1. Just checking, does region 111-131 include any residue being within 30 Å of I32 (Cβ to Cβ), free of Cβ contacts under 8 Å to residues at least 40 places away in the same chain, exposed (fewer than 13 other Cβ atoms within 10 Å of the Cβ) and small (G, A, S)?
2. Residues that are crowded, with 20+ Cβ neighbours inside 10 Å: find the helices (runs of 4 or more DSSP H) completely inside region 2-71 holding 3 or more of those.
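The values are calculated or read from the model by the stated rules, or taken from the named source; none is laboratory data. Please read all numbers here as calculations on a predicted model, not as lab measurements. Please note: Cβ atoms are built from the backbone with ideal geometry, for glycine as well, and neighbour counts cover all protein chains shown.
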Amino acid sequence: MILPGLLVMLSPIICGVGFGTRCVTGLLAGGIASGVQMAISSSNTGGAWDNAKKFISGHKMDEIIAKEEPNMVIKGKVDVKKSAIFKAAVVGDTVGDPLKDTSGPALNILMKLMSIISVVFAPTFMAVKNGGGLIAYLMPSASTAAFTTNLAVAGASVGSNTASNVFVASVFLAGAFVGMGGLFIHSRIYSPPRAVFRESLKSPLLACKVDRVNADLQETFNARPPYSSPAMA
């Protein structure tokens, strides 16, 4: 966990000192946008895998297990715990529990920590070439005034700069809504009907044929010539 922690804590400092305050604002916006999506995805995915194991252990798939693995039916009862379908669900639950319990909620800390570090080090960022960063020393001096931002100085921007910032924010939000709307419409058009989707849930998704794998391995082993060590030879 040391390297991920350093990545979260050092990224705003390196961006602010090296590239200026505008780079920090872009980093925070990208961290929030990607963090929210990853957190929702992790929670939903982990919950689905966890519920799949509970669904199978609750004898909701006994008919499918009896059909796919007849040897699991003992005295008219299905031994769910020893079936390959349940073992596959346990593997999914092993990944799903950390996703929904640790990885997903930890992204909230990631977004907060990056924001707090940016606010704490804002005076340091502004002290480096008036918020332009070390890279501003390689640029003409006339353009360094354009690097000042509202990250550390609230309410001190000029009217034209405020108007341009509002315009950029509006374009960003409009593009985000258009992109998300396009993805939603695309998923609705090309997704199968709900009846087909519900029907697909009745078949095992992660069933593994352990007996078939063992049989294939046995055939491969029998086909190989017998091994003789140099000592035996």
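1. Taking every residue of region 111-131 in turn, at least one turns out to be within 30 Å of I32 (Cβ to Cβ), free of Cβ contacts under 8 Å to residues at least 40 places away in the same chain, exposed (fewer than 13 other Cβ atoms within 10 Å of the Cβ) and small (G, A, S).
2. Numbers: elements: 2-19, 21-57, 62-68.
Passing ranges, in order: 2-19, 21-57.
Results for (1) at pLDDT below 85; (2) more than 22 Å from G46 (Cβ to Cβ); (3) surrounded by 15 or more Cβ atoms within 10 Å (Cβ to Cβ), shown as yes or no for each residue.
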{"position": "S83", "(1), (2), (3)": "no, yes, yes"}
{"position": "G92", "(1), (2), (3)": "no, no, yes"}
{"position": "A106", "(1), (2), (3)": "no, no, yes"}
{"position": "I109", "(1), (2), (3)": "no, no, no"}
